[in-house]
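One structure is given here, and the rest of the page talks about it.
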Amino acid sequence: MSKISCTLDCKKEYIPIDIFFNPTKVIIGRESEYKTIIDPANVDLVHHLLMFECNPTVVFDDNNLPDGECDDIYRQIQECAGNIATGWGVGGESIVEFPEIAGYPVGDDFEIKYYMVQMHYDNPKKMSNRRDSSDSNTVGIAIPPGANRFILDSYCPQFPKSEITVTTAFPHTHLQGSSVWMKIIRDKKAVDYLFNAESYDFNYQFENRFPKTVQLCPGDEFATRCIYNTTNKDEITLGGESTKDEMCLHMFIYYPRMNDFYSCMNANSEKAWKQVMNATDPLEDYMKFQQLLRDLKWTPESVRKWQEFYDNAPRLLIGGRAGSYTLEELPRLPEYIDLKPSECKKDISSKGIHQTSFISLTIIISFLTTLVTILFIKQ
């Protein structure tokens with residue numbers, strides 16, 4: 001690792017590196033647990049590790065697999081950039097056990113033949129000569145400074161084609177995130193939280209094993225909310241991989257496996273952004289658009305109006321799997337009958353959970369308003 005904080009963009013603090021491998025040469029069977037090995041000498045630099053599945057149809061030259069910094073090889077890894085198999089994040093434990101009823105297949109006749117390992121490093125002190133041996137777009141998030149409770153909502157309509165059983169949840173934001181939840185919407189009515197992390201802490205990213213599994217039915221929909229506190233900041237917080245940037249993710253482990261659906265993502269539409277920014281040109285110049293956002297001046301009134309913009313902006317809904325995403329426009333977030341408020345209890349922060357470890361962290365394609373990724377364990 002060089003003294004420069006990031007080779008993707010010298011202003012950032014990450015060096016994501018992708019490594020491919022073919023599991024048929026490694027192990028065959030069904031895994032009931034796995035271990036992530038983080039080099040103790042560099043635990044302060046490793047932000048997270050991800051292992052992606054490559055689409056079954058992708059073909060690589062085994063003697064010349066893609067290997068390098070993400071931005072340099074992004075065209076080669078598009079078929080492997082969205083389907084997460086597992087991972088590790090800050091505060092997570094190294095060993096994860098799957099429920100007895102299911103596991104994760106590797107090799108043999110399993111359709112996934114290639115995986116991509118992606119490492120993300122955080123080097124805010126710009127230390128040089130550090131070598132690690134660990135193994136195993138801003139069009140969505142723009143949070144104004146000085147906000148005590150800034151809300152990002154998203155919605156995922158009707159994606160389970162058949163009943164699935166959810167066993168585990170993993171919410172994720174960065175340092176400004178204070179709360180993340182997801183509600184199950186059935187017949188336009190919230191029936192329960194799928195998971196509720198009222199008191200979220202970036203430094204403790206555990207896999208949250210449910211004390212009782214949750215059954216999801218065909219036609220169920222999902223509402224997700226991330227809440228941020230930026231009272232300690234004096235500039236806008238944008239979406240991105242760096243710890244100083246933000247994300248809004250909620251991921252789950254379930255069975256049986258769905259082969260055609262891995263994620264559901266929301267982003268504010270380009271039309272909405274152009275309207276709020278008084279822009280006429282297409283927002284294709286990422287750096288220019290980013291600078292427009294950074295140049296905004298903030299007052300309590302402008303923060304309030306920015307929240308209104310997020311509450312009412314048309315959304316672009318993206319779902320499916322890497323290489324075959326579907327796009328749908330939502331004029332606005334769907335409405336539903338919410339849960340009745342419950343009495344606050346000071347000794348309860350999350351909804352009955354056994355915390356074991358972090359099974360996955362999802363950052364795929366661009367950094368959108370919210371991303372919901374469903375992982376799987378196979379019966």
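Key figures
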{"item": "Qualifying residue in the range 88-104 (condition: more than 30 Å from Tyr204 (Cβ to Cβ), open to solvent by 90 Å² or more (accessible area, probe 1.4 Å) and at pLDDT 70 or above)", "result": "no"}
{"item": "Neighbours by Cβ (under 8 Å, 6+ apart or cross-chain): first from the range 286-309, on the phi < 0 side of the Ramachandran plot; second part of a helix (DSSP H, G or I) and among the polar types (S, T, N, Q)", "result": "Leu296/Ser302"}
{"item": "Residue check for Asn232: outside any strand (DSSP E or B) and among the polar types (S, T, N, Q)", "result": "yes"}
{"item": "Count of the range 316-333 residues which are open to solvent by 70 Å² or more (accessible area, probe 1.4 Å) and part of a loop (DSSP other than H, G, I, E, B)", "result": "2"}
{"item": "Residue in the range 277-315 that is surrounded by the most Cβ atoms within 10 Å (Cβ to Cβ), counting only those that are of a type in the set (D, E, K, R) and not in a helix (DSSP H, G or I)", "result": "Arg315"}
{"item": "Meets criteria (within 26 Å of the chain's Cα centre (by Cα), farther than 28 Å from Pro157 by Cβ and either in the same structural domain as Arg225 (by the TED database) or among the acidic types (Asp, Glu) (or both)) for Gln291", "result": "yes"}
{"item": "Subset tally (residues that are open to solvent by less than 10 Å² (accessible area, probe 1.4 Å) and either part of a strand (DSSP E or B) or modelled with pLDDT of 90 or more (or both)) for the range 254-263", "result": "2"}
{"item": "Ile112 being of a type in the set (Val, Ile, Thr), open to solvent by less than 50 Å² (accessible area, probe 1.4 Å), in a loop (DSSP other than H, G, I, E, B) and modelled with pLDDT of 70 or more", "result": "yes"}
{"item": "Which numbered condition Phe222 misses (of (1) at pLDDT below 90; (2) open to solvent by less than 30 Å² (accessible area, probe 1.4 Å); (3) part of a strand (DSSP E or B))", "result": "(1)"}
{"item": "Hits in the range 225-253 (condition: over 20 Å from Leu317 (Cα atoms) and either among the charged types (D, E, K, R) or surrounded by fewer than 16 Cβ atoms within 10 Å (Cβ to Cβ) (or both))", "result": "Thr231, Asn232, Lys233, Asp234, Glu235, Glu241, Lys244, Asp245"}
{"item": "Which numbered condition Thr243 fails, given (1) farther than 21 Å from Ser154 by Cβ; (2) within 15 Å of the chain's Cα centre (by Cα); (3) part of a strand (DSSP E or B)", "result": "(3)"}
{"item": "Residues being open to solvent by 20 Å² or more (accessible area, probe 1.4 Å) and closer than 27 Å to Pro145 by Cβ - total across the range 177-186", "result": "2"}
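Per-residue answers, yes or no, for (1) outside any loop (DSSP other than H, G, I, E, B); (2) modelled with pLDDT of 95 or more:
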residue	(1), (2)
Thr168	yes, no
Pro171	yes, no
Ser178	yes, yes
Ala190	yes, yes
Asn203	no, no
Lys212	yes, no
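The values are calculated or read from the model by the stated rules, or taken from the named source; none is laboratory data. What you see is a predicted model; the values in this text were computed from it and never measured. FYI the Cβ positions are ideal-geometry reconstructions off the backbone, even for glycines, and counts take in every protein chain you see. Ligands, DNA and RNA are excluded from the accessible area calculation, which covers all protein heavy atoms including side chains. Shrake-Rupley method; radii C 1.70, N 1.55, O 1.52, S 1.80 Å.
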